[in-house]
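The values are calculated or read from the model by the stated rules, or taken from the named source; none is laboratory data. Given the structure is predicted, the values throughout are model-derived calculations rather than measurements. Positions of Cβ are backbone-derived with ideal geometry, glycine not excepted, and every protein chain shown enters the neighbour counts. The area values use the complete protein model at the heavy-atom level, side chains included, leaving out ligands, DNA and RNA. Shrake-Rupley method; radii C 1.70, N 1.55, O 1.52, S 1.80 Å.
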Number of protein chains: 2
Amino acid sequence: MSASPAAPAPGAYVRQLYHFAFDPHSRLVRLALGEKKLSFEDNPVRYWEPDDAFLRLNPSGLLPVLTETPEAGSQGQNHRICENRALLEHLEEVAPTPNLWPRDINERAEARRLVGWFERKFDYEVNALLLHEKMEKRLIGGGAPDIGAMRAGREALKDHLRYFESLLATRDWLAGQSLSYADFACAAQLSVLDYFDEVNWTRYPHLKTWYMVMKSRPCFRPLLADKLPGVPASRHYAELDF
Amino acid sequence: MSASPAAPAPGAYVRQLYHFAFDPHSRLVRLALGEKKLSFEDNPVRYWEPDDAFLRLNPSGLLPVLTETPEAGSQGQNHRICENRALLEHLEEVAPTPNLWPRDINERAEARRLVGWFERKFDYEVNALLLHEKMEKRLIGGGAPDIGAMRAGREALKDHLRYFESLLATRDWLAGQSLSYADFACAAQLSVLDYFDEVNWTRYPHLKTWYMVMKSRPCFRPLLADKLPGVPASRHYAELDF
């Protein structure tokens, strides 16, 4: 028997994730990578500062970006996958177990619709107001939060929470009968707002139960350990039973 | 020989597209359906007016939505697919020829990145200003266009056009070596702005040549016949050689 070292698994990659801990879209991909048991190295990006190196990686400047490099001795090409629309599909293609797009056509379309909901609605109706005032202004040194904008963001958030509650009143998971990227997208978004104590969970019992289940998954643990300098997490942020 | 009528093809569907002729995202799906030779019935939606029936179809109120109903005598379930993120993936799954997500992993990720570019950047940096002022205010009866907002939208548009020009200077198609949804997404967006004569094509020679090729595809013909009441198309809008 030769004493050659064990060859890496075919298609084994070293993964680098360029992300920001409190960017909801970055969080979605961290959850997806965790759920699929794909390890990665952290590359925090301060997206609110000029960063030519990151713009060369992703010309839009948006997060997250994943690079994959074949392990030494492994076959394969380098990959660079920018932003969630490409990333979620890519992860499902290269690591189909567990599957996070449901197998039923309608439920799969529903999951993709809901993932898009956060990019096309929630980001602009809630995050652009509430998260911008509470977090981004602090990051960019943009002055005191605007109370009117925060109030408008909070009102919009209530509408969204009521909508998620109505879905979960009749469904096992957000998109239907199976756990999907829609659940991780929603949990990623709400987890950031929950850090800032902006989710009144007692008003949304189905949503609260669902979030307790999501939070209990091993993939969630790294997110619950995130800390934003100068801003302590809400009291219950990291509690699995809250 | 019995005189029974020809059975419909297996998996044959009657398709209804809920869309607005000058909504760029709706245009992308019309192009994709045309490219894949899938016929559909038109259901124009006046998305700027309250429409409970449409909100029951898509709770976000966003366009487009496609429904599929098995043809009489054909097997299958009803489908309802909301918005482009779900629609483009669905069309690729049910009608994989011609394939509009490239086969190479990096080029596929690049195509998805560029499709997302229009939803996460172009819509907010260009359309929310320029198209809102030139078109939406007219639709909603919202008064005269704001000159400052139009100017800001035009400046942003120049940056985007320069970026597309730089890509097409070194690539056959927007995402690389093969025609993809990225090309149709970009052409759909620029076609709306071109109706309003907002694209100064002579400054972007590679983009112009590419757009002439896109415009010449049969799937483009219905878009070139679209008319917005009260607003004539730019002189060259429907010209294949401009």
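Taking a sphere under 12 Å around the Cβ of residue B:224 and counting the other residues whose Cβ falls inside, with K and R at +1 and D and E at -1, yields a net charge of +3.
The mean sequence separation of alpha-carbon pairs under 8 Å and at least six residues apart, normalised by the residue count of chain B, gives a relative contact order of 21 percent.
Measure up B:134/B:158; A:37/A:121; B:121/B:158; A:158/A:208; A:36/A:137; B:158/B:208 against 23 Å on the Cα-Cα distance and list the ones that go over.
On the way: B:134/B:158 17 Å; A:37/A:121 30 Å; B:121/B:158 13 Å; A:158/A:208 14 Å; A:36/A:137 34 Å; B:158/B:208 14 Å.
Table pairs above 23 Å Cα-Cα are A:37/A:121; A:36/A:137.
Can you give the direction-averaged projected area of the convex hull of the alpha-carbon atoms in region A:100-181, in nm²? For region A:100-181, the mean projected area of the Cα convex hull comes to 6.0 nm².
Shape index of region B:61-199: Rg/Rh, with Rg the Cα radius of gyration and Rh the Kirkwood radius from the inverse mean 1/r over Cα pairs, equals 1.04. Take the Kirkwood radius over Cα pairs of the protein assembly as shown, plug it into Stokes-Einstein at 20 °C and 1.002 mPa s, and you get 89 µm²/s for translational diffusion. Mean-square fluctuations from a GNM of chain B, with a 10 angstrom spring cutoff on Cα atoms, peak among B:50, B:145, B:205 at B:50. Against the main long axis of the alpha-carbon atoms of chain A, helix A:105-117 sits at an angle near 60°.
For the residues of A:83-93, the average number of beta carbons from a partner chain within 10 Å of their own beta carbon is 5.
With +1 assigned to the C-beta of every Lys and Arg and -1 to the C-beta of every Asp and Glu, and no other charges, what is the dipole magnitude of region A:165-242 about the Cα centre in debye, to the nearest 20? Mind dumping the intermediate values first?
Values: 8 positive and 9 negative charges, 22 e Å.
With Lys and Arg at +1 and Asp and Glu at -1, about 100 debye.
Share of carbon and sulfur in the accessible area of the protein assembly as shown stands at 53%, probe radius 1.4 Å. The angle between the Cα long axis of helix A:205-215 and the main principal axis of chain A comes to about 30°, on a 0 to 90 degree scale. Normalised by the number of residues in region A:105-224, the mean separation of alpha-carbon contacts (under 8 Å, six or more apart) gives a relative contact order of 27 percent. Taking each pair of different alpha-carbon atoms in region A:13-94 once, compute 1/r for the pair, average those values, and report the inverse of that mean as the Kirkwood hydrodynamic radius in Å to one decimal. This gives a value of 13.0 Å.
Scaling against 2.2 N^0.38 Å puts the C-alpha radius of gyration of region A:158-242 at 1.05. On a per residue basis, the convex hull of the C-alpha atoms belonging to region B:86-137 measures out at 99 Å³.
Assign unit charges at the C-beta atoms only (+1 for Lys and Arg, -1 for Asp and Glu), then state the dipole size of the protein assembly as shown relative to its Cα centre in Debye, rounded to the nearest 20. Intermediate results must be reported in sequence, preceding the final value.
Details: 60 positive and 66 negative charges, 15 e Å.
Dipole magnitude for the protein assembly as shown comes out near 80 debye.
From largest to smallest, the equivalent ellipsoid semi-axes obtained for chain B from the alpha-carbon gyration tensor read 31, 23, 16 Å.
For the protein assembly as shown, the antiparallel share of DSSP beta bridges with both residues in that region comes to about 75%. Considering only beta bridges that DSSP places wholly inside region A:1-158, some 70 percent are antiparallel. Each other copy holds its own label point for residue A:42; taking that point as 7 Å from Cα along Cα to Cβ, the gaps run 5.5 nm, nearest first. A point 7 Å from Cα along Cα→Cβ stands in for residue B:145, and the other copies hold the same point at 3.8 nm, listed in rising order.
Each Lys or Arg adds one and each Asp or Glu subtracts one; over the other residues with Cβ under 15 Å from the Cβ of residue A:238, this totals +1. Label point of residue B:212 (7 Å along Cα→beta-carbon): distances to the other copies' equivalent points are 6.6 nm, sorted ascending. Phi angles across region A:17-23 convert, under the Karplus curve 6.51 cos²θ - 1.76 cosθ + 1.60 with θ = phi - 60°, into 3J(HN,Hα) values of 10, 9, 7, 10, 4, 10, 8 Hz, Gly and Pro given as x.
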